[in-house]
Amino acid sequence: MKKIVILGSTGSIGTQALDIVARHPDKFQVVGLAAGNNADLVREQIIKFQPTLVSVAQEDTARALQQHFPKIKILVGNEGHCEVARHPEADFVISAIVGAAGLSPTIAAIDAGKTVGLANKESLVIAGELMTRKAREKGVLLFPIDSEHSAVFQSIVGNRLQDVKRIILTASGGPFFQRSKESFATITVEEALKHPNWKMGPKITIDSATLMNKGLEVIEAAWFFDRSPEKIEVHIHPQSIIHSMVEYIDGSVMAQLGVPDMRCAISYAMAYPERVESGVKSLDLTEVGTLSFFKPDPEKFPSLGLAYRALKEKGTMPAVLNAANEIAVERFLKKEIRFTDIPVLVERTMNQHRLGPLKTLEDVLAADRWARETARKVVS
């Protein structure tokens, strides 16, 4: 029986992870949940999975839950999330809190020696050097939960990492892959939220539309698999059937295929080295018919280039990229800026940043704070 903590239990990844748990009560037991302020959903999760430790974002939500569940310890905020991440009984911690807010709880899990399934790509993006160093020091294993990185991991298992020639991350291209660049300035929030293949939260859906999500995944892949930027490529693959590929020095290419459903990657990380039934339907390639691939257009999707730039500069720049992008997406969702303003805001913030080393968690948090303040000024 593997005991599970889920950070971000009410989000897309968290709810799908709980679906896997519900399918295999003989293999998984939930001991801790950390969530935002969806009190109704958290209440349902507590009733169904009976965790011993729960954390939510705000005090009033915690008080309401504590009245309903007096025997369960209900915690609040970042400190509460970190305590849940350190749960003494936990064997496996799923890090699925969206954005930079997931960093501190993920670091807490690593410091506590927990095996971590990482769905919160921003943590590795902004603090990859710090996280991978801590994981080595603590002997902690980091399992990728992003579908692309899970595909790379599955394509590497059984092979030698030093034999990898390049990693090819696939991207759906989002809803605007075939739209003309001239029309990008008129893209609405409603249009940007209509992803053709995946059902995701609003922030990651906008990131997919700008290809920033793929840029963040390039940075994540560099840390997960110890690759330099020039060894990681992005191919647009509109069908989202091949989730990523690995080319080896002998010319062989390994790929992981499946229908677009995150439960495959989630269940693989949770059950590794086993595989369990995930509820994902079988892939019928005769029904799919055609698999096509294209190079991304750097003029239509400048966010991808900004991510490569941040990865090459390293230090505090990835944290600045991520924070500025979070502010830009937030303002776009509020309809305060245009779709085309998102990469402009990010680039202007990066251009103003004085690059520094990344040695401690405070270095990361300081760069994150600076970037958010600067991005807000750029908007205004």
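Quick notes on this one:
- Residue 360 β-branched (Val, Ile, Thr) and touching a Phe, Trp or Tyr at 6+ places or on another chain (Cβ under 6 Å): no
- First in segment 179-194 and in a helix (DSSP H, G or I), second anywhere and loosely packed, with under 11 Cβ neighbours inside 10 Å and not hydroxyl-bearing (Ser, Thr, Tyr), Cβ under 8 Å, 6 or more apart: 181/299; 189/335
- On inspection, residue 143 qualifies as under 23 Å from residue 120 (Cβ atoms) and hydrophobic (A, V, I, L, M, F, W, C).
- In segment 159-179, the residues that are modelled with pLDDT of 90 or more and farther than 24 Å from residue 120 by Cβ: 159, 160, 162, 163, 164, 165, 166
- Residue in segment 343-358 that is farther than 30 Å from residue 130 by Cα, aliphatic (A, V, I, L, M) and not assigned by TED's automatic domain parsing to the domain that holds residue 236 present: no
- Residues in segment 105-127 that are surrounded by fewer than 20 Cβ atoms within 10 Å (Cβ to Cβ) and part of a helix (DSSP H, G or I): 1 in all.
- Qualifying residue in segment 297-306 (condition: among the polar types (S, T, N, Q) and within 21 Å of the chain's Cα centre (by Cα)): yes
- Residues that are in contact (Cβ under 8 Å) with a residue 24 or more places away in the chain, closer than 16 Å to residue 260 by Cα and not in a loop (DSSP other than H, G, I, E, B), drawn from segment 286-318: 288
- Given (1) more than 20 Å from residue 233 (Cβ to Cβ); (2) assigned to a helix (DSSP H, G or I); (3) within 20 Å of the chain's Cα centre (by Cα); (4) in contact (Cβ under 8 Å) with a residue 12 or more places away in the chain, index of the condition residue 133 fails: (4)
- Condition check for residue 182: farther than 30 Å from residue 299 by Cα and over 20 Å from the mean Cα position of the chain (by Cα): no
The values are calculated or read from the model by the stated rules, or taken from the named source; none is laboratory data. Keep in mind the model is a prediction, meaning the values are calculated, not measured. Here the Cβ is made from the backbone with ideal geometry for all residues, glycine too, and neighbour counts use every protein chain on show.
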